[in-house]
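Below: one structure, written as structure tokens.
What follows is calculated from the coordinates using simple rules that are stated; it is not laboratory data. Keep in mind that what you see is a predicted model, and the values were worked out from it rather than measured. Note that each Cβ is placed from the backbone with ideal geometry, even for glycine, and that neighbours are counted across all protein chains shown.
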Amino acid sequence: MADWHAQQGPFDIPDVPDYVPRWLKPWLFILCVLIIQFSGGVYLAAVSDMAGTRALMQEDILMAGYASLTGMAINFAVMFRIKFRFSTRTQLLTAGTIIMAANLICAHTDSVPVLVLTCFVAGWFRMQATFACNSTIQLWLTPVRDMAIFFCYVYIVVDSAIQLCGIATVYTAFFSQWEYMHWTMTGLLALMMLLVAILVRPVHGPMSIPLLGIDWIGAMLWAGFMMCFTFVCVYGNYFDWWDATEIRLASLLALACMGINLWRASFLHHPYISFMALTNRNVIRATCIYLVFFTLLATEHVFEHTYAANVLGFDETNLIDLNWYVFAGIITGCGFTYLTFALRRWSYKAMTAIGFGLATVYLAWFYFFMDYGIEKEMLALPLFFRGAASVIVSIVFLTSIVQSGLPFQVFPQALSINGFTGAVAGATLCPAVVGEMLRHVMARNASLLGSALTGSNPAAMRLPVGQLYGMVQTQALVVSMKEIYGWLLIAASATLLVILASYGPVRPRAIFPKWKTIRHSLRRMLRMRRLRARNRHGMKMQK
């Protein structure tokens, strides 16, 4: 979207012809965002069906899903450059074609490298298409470019799409087969491309900014680091961590990519991610908060499915129905953040305390009420709180990145760091830590329960060995989860006390610069790069 929108009085989108009603134009792009967010290389809600059909491990499919998130995180650093190089129409048509191809490939391939690479590419273009749509309607959402308001919209769309996509995937697999979800989304992407081809014109800004001076080598190295990091977290338990050659090699490769990136950033004028972004106080604070917060909520990935399926006996449809409670929490959390943080300017400290307070209530509910015979409806409250807490913390600290004082050339790099720590590390490292805790605690509790049953209970000795073993494992699982919930509850309460005791008067004032200012900034950066290149060339000629 360019600045001439603001010169036309009421909001308008010149990319869309005038025969389309003005009020309808933004909704066209919201429809495109929803279709794009529903589309992915793999659909993690169907991981069991996909693993059984394609003879893949669940870790393989999880790796592909997180590769998509990695591709999205890597794209942040260059998404503004691509926006000012290509029209919105070109970006949407290109992204739609590639995501369609990714859906078809992932529906038919059983090769793990192909699956992972396809999802990485699909994630990259998925992020670019989402940004192309959202930036086009940004002034319609917030004419003053207040990013606290804008991020409330972003998270209500993105996080809601994740929950609804999971529901749609499971019910599609239940009534037919999981591949139908891929074919359905391929058809919707084709419909989106048809609408874009008919209703969106190839409008460019006053000057198209070429893709010069982008550190593509740095981008590949950062992608390599993130992918190796994800591999270690996803496959660590399967390969028994660093006892396996695969994990050791992935760790060494991740360290090598990180080391080379830091070395290159020490002398390159414009590295893909600079030290200024890596050492920014707000970026570091957000990274630490994300790691603590998503460790507290890592039970979502490690415990909830196992507890509901193995202890409560829920089938796949009852399991996915729990997403409705999380969805309600997301809607409420975004609405609450919009009213308090974006409009009334509540402080960062107050919003962070509320987010951690909701996470504490979530953990406390499971610690005190987890049992063998609870009804599905009783899970509504903790899951609602988890959904609300997650979006509140995410919106607040993404807004803090905008308010970090970074130059605009460095700001997208901070978004890449935020995307990796919030989406990738939060979904892989934190569950890996909690999962390893569960494995050790459960082994100890199973040993204690097993010795108690076999040593002092004659009635237990008359049970079949398989039934006795199952009883011990189920009891050990519940006891172990309750114990870890207790430890996490203590950690959450301590963190909440630290937040409440800290001094934090800062309130949101995250105003995004005008697109004209951004465009001038990028052009000035390109002129400086050309000047340095000519100077280097002149010095070589003199020598």
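What to note about this one:
- A helix-only calculation puts the chain at -23500 deg cm²/dmol for mean residue ellipticity at 222 nm, using -39500 (n - 2.57) for each DSSP H run of at least four residues, averaged over all residues.
- Gyration tensor verdict on the range 149-251 (Cα atoms; rounded if a/c is under 1.5, prolate if a/b is larger than b/c, oblate otherwise): oblate
- In the chain, lysine pairs closer than 29 Å at Cα, eight or more apart or cross-chain: 7
- Inter-part distance where the range 22-64 and the range 316-376 are each reduced to a Cα centre, Å: 24
- Full extension of the segment from Ala501 to Trp263, taken as 0.36 nm per residue of separation minus the current Cα-Cα distance, would add 81.8 nm.
- Förster radius 25 Å - calculated FRET efficiency between Ile30 and Arg509, Cβ distance, rounded to 0.05: 0.40
- Counted over all Cα-Cα pairs of the range 395-435, pairs farther apart than 16 Å make up 42 percent.
- Here each label is just a point 7 Å from Cα along the line to Cβ, and for Trp242 and His108 those points are 4.4 nm apart.
- Förster radius 41 Å - calculated FRET efficiency between Glu436 and Thr340, Cβ distance, rounded to 0.05: 0.65
- Convex hull per residue volume in Å³, alpha carbons only, for the range 17-198: 117
- Take the convex hull of the alpha carbons in the chain; its mean projected area over all directions comes to 28.9 nm².
- Counting 0.36 nm for each residue step from Phe275 to Ala51 and taking away their Cα separation leaves a gain of 76.5 nm.
- Compactness of the range 311-459, expressed as Rg and Dmax over alpha-carbon positions, Å: 20.3, 73
- Inter-site label distance for Ala350 and Thr317 at 7 Å from Cα along Cβ, in nm: 4.5
- Simple point charges give the picture: +1 on the Cβ of Lys and Arg, -1 on the Cβ of Asp and Glu, and for the range 17-198 a dipole about the Cα centre of about 740 debye.
- Projecting label points 7 angstrom from Cα along Cα→Cβ for Ser493 and Phe368 puts them 1.0 nm apart.
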